[in-house]
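Peer 1: Quick one: this structure, given as structure tokens, is what I'll be asking you about.
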Amino acid sequence: MASNPDITLYAYKTLTFPRVAIALEEVGIPYTIINVNVEEHDNLNPEYKRTVSITGQVPALIDASTGLKLTESAAIMFYIVDKYGPHLTFPAGSNEYYELVQFIDFVTDLTLMVGFGKLIYDPINNPDYGKTPGIEGAMRWRVSKNLTVLNDRLKEQREKYPGSEPWLVGGKFSAADISAYATVLAASGLAHIEIAELGLDELVGWKERIGARESAKKVDGLQEKFADGDGAWPRVFKRTEA
């Protein structure tokens, strides 16, 4: 592990926050959270765009010990595990490494799909909810299909690594599982899909195993702290009208 990390995570309760925060918890390094309330447009504050993310993206990470600034949750997670948590990845150039990249890319696409689906599925924020059953049905079908892909992969891995509970890559818990877990939470929550009702038993068990990890339980609690007012962390980039 690299020495003396000095990490600040600029975050909010977005779909991609859990994958980054769980990775940080799993590698066991200290980090500071800055609450960037995207609902209040904190991410559009000129100072935030100048000092953290020119595009105004959240989450974002700055590691002062290396001088690196990153956005895009997949890139942030790769940095965390490559730099501070090699036990969560595989040797560069190995088959397992490329499979890990494959599944992180796969679930990143699924996260985008779920995010778009939120506009359709959310009866609170979408005044047209229920008026487009064809689109809603198509989105639910697509998300369900991709969840089935993950379930089938876990079945395959159980056969490949008998005698242990299956993970997505290489017979061990890795960044691929962290990334997929965050997406599955979003899919089952926002798209109103009950995984158990789809008969995806391997995926259900896998989700329960990750949810029982201390990292996942802590991050679940962290998300609640964004909910009320300014939350438990400093909110230093409040949007001000010109």
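The values are calculated or read from the model by the stated rules, or taken from the named source; none is laboratory data. Worth saying up front: this structure is predicted, and the values here are computed from it rather than measured. Cβ placement follows ideal geometry from the backbone for every residue including glycine, while neighbour counts extend to all protein chains displayed.
Peer 1: Could you give every pair whose Cβ atoms fall below 8 Å, whose first residue belongs to segment 200-229 and is in contact (Cβ under 8 Å) with a residue 12 or more places away in the chain, and whose second residue is among the acidic types (D, E) and assigned to a loop (DSSP other than H, G, I, E, B), counting only separations of at least 6 or pairs across chains?
Peer 2: G205/E165; W206/E165; R209/E165
Peer 1: Just to be sure before I move on: is D122 within 16 Å of the chain's Cα centre (by Cα), at pLDDT below 85 and surrounded by fewer than 17 Cβ atoms within 10 Å (Cβ to Cβ) in the structure I sent? Break it down into steps so the answer makes sense when it comes.
Peer 2: Values: within 16 Å of the chain's Cα centre (by Cα): no; at pLDDT below 85: yes; surrounded by fewer than 17 Cβ atoms within 10 Å (Cβ to Cβ): yes.
When the stated conditions are applied, D122 does not pass them.
Peer 1: Shifting gears a bit: Given the structure, is S179 in contact with a Lys or Arg (Cβ under 9 Å, 6 or more places away or on another chain), part of a helix (DSSP H, G or I) and not hydrophobic (A, V, I, L, M, F, W, C)?
Peer 2: Considered against the rule, which asks whether it is in contact with a Lys or Arg (Cβ under 9 Å, 6 or more places away or on another chain), part of a helix (DSSP H, G or I) and not hydrophobic (A, V, I, L, M, F, W, C), S179 comes out as yes.
Peer 1: Right, another one. Looking only at segment 219-239, decide whether some residue is modelled with pLDDT under 95, more than 15 Å from the chain's Cα centre (by Cα), more than 27 Å from L24 (Cα to Cα) and assigned by TED's automatic domain parsing to the domain that holds E25.
Peer 2: yes
Peer 1: Quick check, is E197 surrounded by 15 or more Cβ atoms within 10 Å (Cβ to Cβ) and among the charged types (D, E, K, R)? First the steps, then the outcome.
Peer 2: Working: surrounded by 15 or more Cβ atoms within 10 Å (Cβ to Cβ): no; among the charged types (D, E, K, R): yes.
No; evaluated as a whole, the condition is false for this residue.
Peer 1: Could we say that I54 is touching a helix residue (DSSP H, G or I) at 6+ places or on another chain (Cβ under 9 Å) and at pLDDT 90 or above here? If you could, list the steps in order and put the result at the bottom.
Peer 2: Details: touching a helix residue (DSSP H, G or I) at 6+ places or on another chain (Cβ under 9 Å): no; at pLDDT 90 or above: yes.
Judged against the criteria, I54 is not a match.
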